[in-house]
Amino acid sequence: MKKQKQKLTEKAFAVLTWGAAALTLGTLAFLIAFILIRGIPHLKPSLFAWEYTSENVSLLPAFVTTAEITLLSLLIAVPLGVFSAIFLTEYAKRGNKAVALVRLTAETLSGIPSIVYGLFGWLFFVTSLKWGFSLLSGAVTLSIMILPLIMRSAEEALKAVPDTYREGAFGLGAGKLRMVFRVALPAAMPGILAGVILAVGRIVGETAALIYTAGTVAQIAPSPMASARTLSVHMYALSSEGLFMNESYATAVVLLLLVAGINALSGFIAKRLGGKGERQGGE
């Protein structure tokens, strides 16, 4: 009887697992198909004009702004997050209360809604520092928002590097700094890039924080202190107006393809760097 109950329980859990997976994949396939079906027919050359007007409703300025604000945010957040993770993993003493507090703070910050970051950015960067609605205000706000994600993912990736790699480097006479940058960091690069990919996805899809910091001006920003809108804000603005729903769906297609392309490129880079890291660790 016990074996029969155990088998029934295992079958029930298997059915639930496969059902949940099928439901998730089905929902994802439905969303992707819906966006593609509604958006692809409305992709036209006028949507990629260099300047936005009420006639062409071009998404190219928003596309350029998305690339700019993503690069600015990563340039700020990635070095800070990775170096913080290196300090916490390789240099800080284990069991240190300050380290535990930093980790708790990072986990808390990662759970804060993006609208709160947007209000903070508006109050501090836009108003107090007088940066105004600008690319810089939006990028710094987003860098603060993604910093906990990058730091935690980099820390976990460094923890996953076997201690034998470190011991081998020390045995060959390498110093602490050389071991970190020549052995531990290359071996942890796939995990770090996974965190960066998640951060890029959050940046590209962010709307609330950027409305309060970068603004909604439909133009290619002439400087970091100028206001502009990203693809997600552009799509939100078009759909909220209710006049350009077809162009909004077309923008969603471009945004979907952009995220898929970034993920594919990052995965390819992670595999190449992961192979190099394993070879270096073996040596």
Considering only segment 34-61, how many residues are more than 18 Å from residue 245 (Cβ to Cβ), open to solvent by 40 Å² or more (accessible area, probe 1.4 Å) and not in a loop (DSSP other than H, G, I, E, B)? 2
Among the residues of segment 99-143, write down those that are closer than 23 Å to residue 78 by Cβ, open to solvent by less than 60 Å² (accessible area, probe 1.4 Å) and either in contact with a strand residue (DSSP E or B) (Cβ under 6 Å, 6 or more places away or on another chain) or among the aliphatic types (A, V, I, L, M) (or both). 99, 106, 112, 135, 136, 139, 140, 142
It is to be established whether one or more residues within segment 67-76 are closer than 14 Å to residue 151 by Cβ, free of Cβ contacts under 8 Å to residues at least 60 places away in the same chain, assigned to a helix (DSSP H, G or I) and under 16 Å from the mean Cα position of the chain (by Cα). no
Restricting the search to segment 230-250, which residues are at pLDDT 85 or above and aromatic (Phe, Trp, Tyr)? 236, 249
Suppose we filter 100, 20, 12 for residues that are part of a helix (DSSP H, G or I) and within 30 Å of residue 253 (Cβ to Cβ); which single one remains? 20
Subset of segment 208-253 (residues that are under 11 Å from residue 66 (Cα atoms) and surrounded by fewer than 19 Cβ atoms within 10 Å (Cβ to Cβ)): 220
Any idea which residue in segment 154-181 is modelled with the lowest pLDDT, counting only those that are of a type in the set (Phe, Trp, Tyr) and either touching a Cys at 6+ places or on another chain (Cβ under 8 Å) or open to solvent by 80 Å² or more (accessible area, probe 1.4 Å) (or both)? 170
Neighbours by Cβ (under 6 Å, 6+ apart or cross-chain): first from segment 161-177, in the same structural domain as residue 86 (by TED's automatic domain parsing); second open to solvent by 60 Å² or more (accessible area, probe 1.4 Å) and in a loop (DSSP other than H, G, I, E, B): none
Under 6 Å between Cβ atoms, at least 6 apart or on separate chains: pull out the pairs that start in segment 106-128 with a residue that is outside the structural domain of residue 213 (by TED's automatic domain parsing) and end on any residue that is open to solvent by less than 80 Å² (accessible area, probe 1.4 Å) and in a helix (DSSP H, G or I). none
Taking the stated definitions as given, is residue 96 open to solvent by 60 Å² or more (accessible area, probe 1.4 Å), over 22 Å from residue 207 (Cα atoms) and among the polar types (S, T, N, Q)? yes
Within segment 163-186, is even one residue under 23 Å from residue 259 (Cβ atoms), in a helix (DSSP H, G or I) and not hydrophobic (A, V, I, L, M, F, W, C)? no
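The values are calculated or read from the model by the stated rules, or taken from the named source; none is laboratory data. Model, not experiment: these values are computed from the prediction. FYI the Cβ positions are ideal-geometry reconstructions off the backbone, even for glycines, and counts take in every protein chain you see. Just so you know, the surface numbers come from the protein's heavy atoms only, side chains and all, with ligands and any DNA or RNA stripped out. Shrake-Rupley method; radii C 1.70, N 1.55, O 1.52, S 1.80 Å.
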